[in-house]
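A.B. asks: Before we start, here is the structure in question, set down as structure tokens.
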Amino acid sequence: TTGLPELIALVRRTLKKTRHYEPEAVLITSGVSGGLTLAFLALLDPGDEYLAADPYFVSYKQLGVLAGARPRWSDTYPTFRLKADRLPRLLSRRTRFLLVGSPANPTGATATQAEIRDLADFARAHDLPVVSDEIYDAFCFDRPHRSIASFYPEGTLLLGGFSKTWGIPGWRVGYAAGPKPLIEAMARIQQYTFVCAPAPFQAALAECEGEEPLHAITSYRKRRDLLCHVLHDTYRIVKPGGAFYLFPEVPAGFKDADAFT
């Protein structure tokens, strides 16, 4: 249920090398979506709340519905980057965690080191766990990826995976790394839901240490630059710092996005 020991060991070595992060526990999940599902179910009860950025990945809302909880969205326009000084007004006695994603889906926004540190300071000051979705960690085009786990190791659940970097979303292999009590709760839920991530693919990925699919990252950077160049005269675009996305504003003259489509 918790994952092949050799893949868990690889995740630990990778996090220590790339994030300077040595988590208490690691769980191999059925992709990052599986890790998000387990985290929401482990952390939320009906009536609870959680903090997240708007615009957001579609699951961030629907997993709250599944748990009977509700998101409190932090408006990130026009930069699309989550800012700690906008979060205090959203806190309540039912707030259970802060959800962070950088680089982000659907905007490609990538937080600066200062922004990540501010979010860590906010979470620590309010004793809030952080769920950090880092599936796009390798796809940072303009600055190195920085994980909030580097600044708030005791309170961060780091979710990562192999789907984007290796182009294997159908393999359904990700990982969750963080505080032992939370990982143990997620493992209990996984036992009775996903059961485990596919074992043959876990074994294959455990053999990939040291491999760097840089050709894919270079290709995505070129695509970003091309699209921004071609579209900038027609659309208002915030140039994404990472991930796979542009989030253009609907041009003037259309009532809404449906009308434009």
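A.B. asks: If you scan region 162-186, which residues turn out to be closer than 28 Å to S219 by Cα and open to solvent by 10 Å² or more (accessible area, probe 1.4 Å)?
C.D. replies: Scanning region 162-186 gives F162, S163, K164, T165, W166, G167, I168, P169, G170, W171, R172, Y175.
A.B. asks: Only one of these conditions is not met by L7: (1) part of a loop (DSSP other than H, G, I, E, B); (2) at pLDDT 95 or above; (3) more than 17 Å from the chain's Cα centre (by Cα). Which number is it?
C.D. replies: The number of the failed condition is (1).
A.B. asks: Which one of these is assigned to a loop (DSSP other than H, G, I, E, B) and either in contact with a helix residue (DSSP H, G or I) (Cβ under 6 Å, 6 or more places away or on another chain) or over 20 Å from P153 (Cβ atoms) (or both): G34, G47, G64?
C.D. replies: Answer to the selection: G47.
A.B. asks: Now a separate question. Could you please find all residues in region 90-118 being of a type in the set (S, T, N, Q), closer than 19 Å to K164 by Cα and either open to solvent by 30 Å² or more (accessible area, probe 1.4 Å) or out of contact with any Pro (no Cβ under 6 Å at 6 or more places or on another chain) (or both)?
C.D. replies: S102, N105
A.B. asks: Could you give every pair whose Cβ atoms fall below 7 Å, whose first residue belongs to region 216-233 and is farther than 16 Å from G167 by Cβ, and whose second residue is open to solvent by less than 80 Å² (accessible area, probe 1.4 Å) and outside any helix (DSSP H, G or I), counting only separations of at least 6 or pairs across chains?
C.D. replies: R224/F141; R224/P240; L227/L246; C228/I237; L231/I237; L231/P248
A.B. asks: Any chance region 108-130 includes a residue that's assigned to a strand (DSSP E or B), modelled with pLDDT of 95 or more and within 25 Å of H20 (Cβ to Cβ)?
C.D. replies: Yes, the conditions are met somewhere in region 108-130.
The values are calculated or read from the model by the stated rules, or taken from the named source; none is laboratory data. What you see is a predicted model; the values in this text were computed from it and never measured. For neighbour counting, all protein chains shown are included, and Cβ atoms are generated from backbone atoms with ideal geometry for every residue, glycine included. The area values use the complete protein model at the heavy-atom level, side chains included, leaving out ligands, DNA and RNA. Shrake-Rupley method; radii C 1.70, N 1.55, O 1.52, S 1.80 Å.
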